[in-house]
Amino acid sequence: MAGGASIPVPNPSLTATISVESSIKPVTSRVLVLGGTGRVGGSTATALSQLCPSLQIQVAGRNRKKGNALVSTLGERSEFIEFDINNRRMLEKALEGADLVVHAAGPFQRQEKCTVLEAALSTKTAYVDVCDDTDYAWRAKSFHKDALNAGIPAITTAGIYPGVSNIMAAELVRNAKTKDDTEPERLRFFYYTAGSGGAGPTILATSFLLLGEEVIVYNKGEEVKLKPYSNGLSIDFGKGVRTKDVYLLNLPEVKSAHEILKIPSVSARFGTAPFFWNWGMLAFAKFLPMDTFKDKNKVSKLVELLDPLVRAVDGFAGQRVSMRVDLECSNGKTTIGLFTHKKLSVSVGYSAAAFILAVLEGSTQPGVWFPEEPEGIAIEARELLLERASQGTSNFVMYKPPWMVETNPKEVGFGIYV
């Protein structure tokens with residue numbers, strides 16, 4: 001969907017389409033993007049400037065050359081701040097006068113403190129992060145009462161996956177309960193990214209760090225721990241991607257969906273391309289000690305070693321990203337949501353920007369929330385959030401049976417597909 005286009009709205013009680021431009025309220029807030037010179041932070045700043053040109057955007061990072069180059073493309077209302085995220089005094093000073101801070105300075109794995117969130121609460125600044133680590137996300141959630149008392153809205157895991165995928169899951173669950181009068185039984189997240197998705201060393205480091213964590217899944221209400229990058233499945237991501245192999249990883253949306261959406265069985269799998277990247281991940285998980293991937297210094301050296309090869313492969317592998325969310329219910333029906341974009345590096349920015357604008361527009365109550373919590377993103381704000389996040393997607397569908405989107409559905413006879 002190109003910018004300014006509209007998507008079908010599945011609820012017939014609402015208007016048939018929603019225009020992006022007409023829905024955005026005039027916003028002159030000041031947004032501080034930490035990690036702004038990185039791929040994710042830079043993409044977020046760019047998406048914000050395009051979705052809401054009236055925003056004041058401050059890009060904070062360590063690389064002045066990259067920062068100045070980025071702000072030159074964002075318009076007159078943007079500026080660069082040279083910044084060290086580990087300096088608490090510098091952090092709180094930068095937050096003074098900001099309406100919202102975006103924490104995009106990953107990777108989040110092995111970070112022992114929620115320094116940015118604590119500073120945001122201290123300065124009474126709204127907060128959004130793009131965390132993709134289970135421990136960090138629940139550590140952030142532990143500040144819920146502090147945020148509530150401070151009157152500050154905060155959302156954790158508000159990127160593309162987790163983030164938009166959580167909203168897709170919440171909407172599938174809501175639709176099943178309200179339209180089909182059935183109970184959800186199993187929720188499965190499937191993710192595919194070609195190469196590094198254009199996200200470079202960050203996604204590579206994140207993937208390796210996740211190999212140092214046991215995978216938590218839920219089976220009929222019971223927590224089960226499995227090996228990382230195990231239990232592979234071949235999943236059809238529809239047109240433009242087709243069938244890809246995906247493997248278990250320990251991702252925060254599994255626990256949050258289980259506890260918040262009350263789904264008995266939940267899991268998340270990820271896969272990449274070309275195929276030899278999956279083979280490499282499988283080999284690392286099988287033959288190297290798990291402790292190797294718990295050490296950030298060792299992982300950084302491994303990323304530095306492999307980065308030239310990753311960049312070379314990205315040149316022909318592309319940056320396509322696809323998310324498929326499957327919900328199975330007690331009535332035997334399965335519905336899915338599917339989201340495909342040709343560039344992860346672009347799509348992650350629109351995804352984070354969609355959450356940021358929702359917070360600025362008042363969709364988030366005080367407290368620390370996961371995306372699927374209605375106090376985090378109000379139910380009536382989800383459709384607009386998904387529309388903003390899906391800018392530029394080649395395939396975005398919701399509430400469909402699998403056979404309607406798969407490239408090779410199975411016919412069981414008499415024209416019936418499953």
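Report whether or not residue 175 is over 12 Å from the mean Cα position of the chain (by Cα), under 23 Å from residue 393 (Cβ atoms) and modelled with pLDDT of 95 or more.
Details: over 12 Å from the mean Cα position of the chain (by Cα): yes; under 23 Å from residue 393 (Cβ atoms): yes; modelled with pLDDT of 95 or more: yes.
When the stated conditions are applied, residue 175 passes them.
Conditions: (1) in contact (Cβ under 8 Å) with a residue 40 or more places away in the chain; (2) assigned to a helix (DSSP H, G or I); (3) crowded, with 18+ Cβ neighbours inside 10 Å. Residue 120 meets all but one. Number of the miss?
The number of the failed condition is (1).
Return yes or no: is residue 194 touching a Gly at 6+ places or on another chain (Cβ under 6 Å) and open to solvent by less than 20 Å² (accessible area, probe 1.4 Å)?
Working: touching a Gly at 6+ places or on another chain (Cβ under 6 Å): yes; open to solvent by less than 20 Å² (accessible area, probe 1.4 Å): yes.
Answer is yes for this residue.
Pairs only if they're at least six apart or on different chains, beta carbon under 7 angstrom, first in region 140-158 and at positive phi, second open to solvent by 10 Å² or more (accessible area, probe 1.4 Å) and not charged (D, E, K, R); list them, first residue then second.
From region 140-158, the pairs are 151/366.
What residue, among those in region 54-86 that are over 16 Å from residue 104 (Cα atoms) and out of contact with any helix residue (DSSP H, G or I) (no Cβ under 9 Å at 6 or more places or on another chain), is surrounded by the most Cβ atoms within 10 Å (Cβ to Cβ)? Full working, then the answer.
Just the residues of region 54-86 that are over 16 Å from residue 104 (Cα atoms), to begin with: 54-56, 64-65, 68-69, 71-79.
Applying the additional criterion that residues be out of contact with any helix residue (DSSP H, G or I) (no Cβ under 9 Å at 6 or more places or on another chain) yields 54, 56, 64-65, 68-69, 72, 76.
Details: 54: 13, 56: 18, 64: 13, 65: 9, 68: 14, 69: 13, 72: 10, 76: 8.
If we take residues in region 54-86 being over 16 Å from residue 104 (Cα atoms) and out of contact with any helix residue (DSSP H, G or I) (no Cβ under 9 Å at 6 or more places or on another chain), then 56 is surrounded by the most Cβ atoms within 10 Å (Cβ to Cβ).
What are the residues in region 215-253 that are touching a residue at least 24 places away in the same chain (Cβ under 8 Å) and hydrophobic (A, V, I, L, M, F, W, C), if any?
Scanning region 215-253 gives 215, 216, 217, 233, 235, 237, 241, 246, 248, 249, 251.
Among the residues of region 159-216, count how many are assigned to a helix (DSSP H, G or I), more than 17 Å from residue 340 (Cα to Cα) and small (Gly, Ala, Ser). Show your work before the answer.
Step one: list which residues in region 159-216 are assigned to a helix (DSSP H, G or I), which gives 164-179, 201-210.
From what's left, more than 17 Å from residue 340 (Cα to Cα): 170-179, 201-210.
After this cut, where a residue has to be small (Gly, Ala, Ser) as well, the list is 170, 176, 205, 207.
So the answer is 4.
Tell me, which residue of region 73-117 that is without any contact (Cβ under 8 Å) to a residue 24 or more places away in the chain and assigned to a helix (DSSP H, G or I) is farthest from residue 58 (Cα to Cα)?
The qualifying residue farthest from residue 58 (Cα to Cα) is 89.
Output the number of the condition that residue 126 fails; it satisfies all remaining conditions of (1) closer than 23 Å to residue 350 by Cα; (2) crowded, with 24+ Cβ neighbours inside 10 Å.
Status for residue 126: all satisfied but (2).
Residue check: is residue 345 polar (S, T, N, Q), closer than 30 Å to residue 30 by Cβ and at pLDDT below 95?
yes
Scan region 218-225 and tell me whether some residue there is assigned to a helix (DSSP H, G or I) and open to solvent by 20 Å² or more (accessible area, probe 1.4 Å). Before the answer, list the steps.
Our first condition is that a residue be assigned to a helix (DSSP H, G or I); within region 218-225, this holds for none.
No, every residue in region 218-225 fails to be assigned to a helix (DSSP H, G or I) and open to solvent by 20 Å² or more (accessible area, probe 1.4 Å).
Just checking, does region 378-391 include any residue being modelled with pLDDT under 95, of a type in the set (A, V, I, L, M) and in a helix (DSSP H, G or I)?
No, there is no match, as no residue in region 378-391 is modelled with pLDDT under 95, of a type in the set (A, V, I, L, M) and in a helix (DSSP H, G or I).
Among (1) in contact with a helix residue (DSSP H, G or I) (Cβ under 7 Å, 6 or more places away or on another chain); (2) open to solvent by 10 Å² or more (accessible area, probe 1.4 Å); (3) farther than 24 Å from residue 393 by Cα, there is one condition residue 202 misses while meeting the rest; what is its number?
Among (1) in contact with a helix residue (DSSP H, G or I) (Cβ under 7 Å, 6 or more places away or on another chain); (2) open to solvent by 10 Å² or more (accessible area, probe 1.4 Å); (3) farther than 24 Å from residue 393 by Cα, the lone unmet condition for residue 202 is (3).
Which residues, taken from region 346-377, are assigned to a helix (DSSP H, G or I) and not small (Gly, Ala, Ser)?
Restricting attention to region 346-377, the residues satisfying the condition of being assigned to a helix (DSSP H, G or I) are 346-360.
Passing the criteria: 346, 348, 350, 355, 356, 357, 359, 360.
Looking at 233, 226, which is the one that is modelled with pLDDT of 95 or more and more than 21 Å from residue 336 (Cα to Cα)?
Of the residues listed, the single one that is modelled with pLDDT of 95 or more and more than 21 Å from residue 336 (Cα to Cα) is 226.
Out of all the residues in region 169-182, is one or more of a type in the set (Asp, Glu) and open to solvent by 10 Å² or more (accessible area, probe 1.4 Å)? Let's see the steps before the verdict.
Filtering region 169-182 for residues of a type in the set (Asp, Glu) gives 171, 180-181.
Going one step further and asking which of them are open to solvent by 10 Å² or more (accessible area, probe 1.4 Å), we end up with 180-181.
Within region 169-182, one or more residues are of a type in the set (Asp, Glu) and open to solvent by 10 Å² or more (accessible area, probe 1.4 Å).
I need a count of the residues in region 362-405 that are open to solvent by 40 Å² or more (accessible area, probe 1.4 Å) and among the charged types (D, E, K, R).
Residues that pass the stated criteria total 3.
The values are calculated or read from the model by the stated rules, or taken from the named source; none is laboratory data. All values reported here derive from a predicted model rather than from experimental measurement. Neighbour counts run over all protein chains shown; Cβ positions are idealised from the backbone, glycine included. Just so you know, the surface numbers come from the protein's heavy atoms only, side chains and all, with ligands and any DNA or RNA stripped out. Shrake-Rupley method; radii C 1.70, N 1.55, O 1.52, S 1.80 Å.
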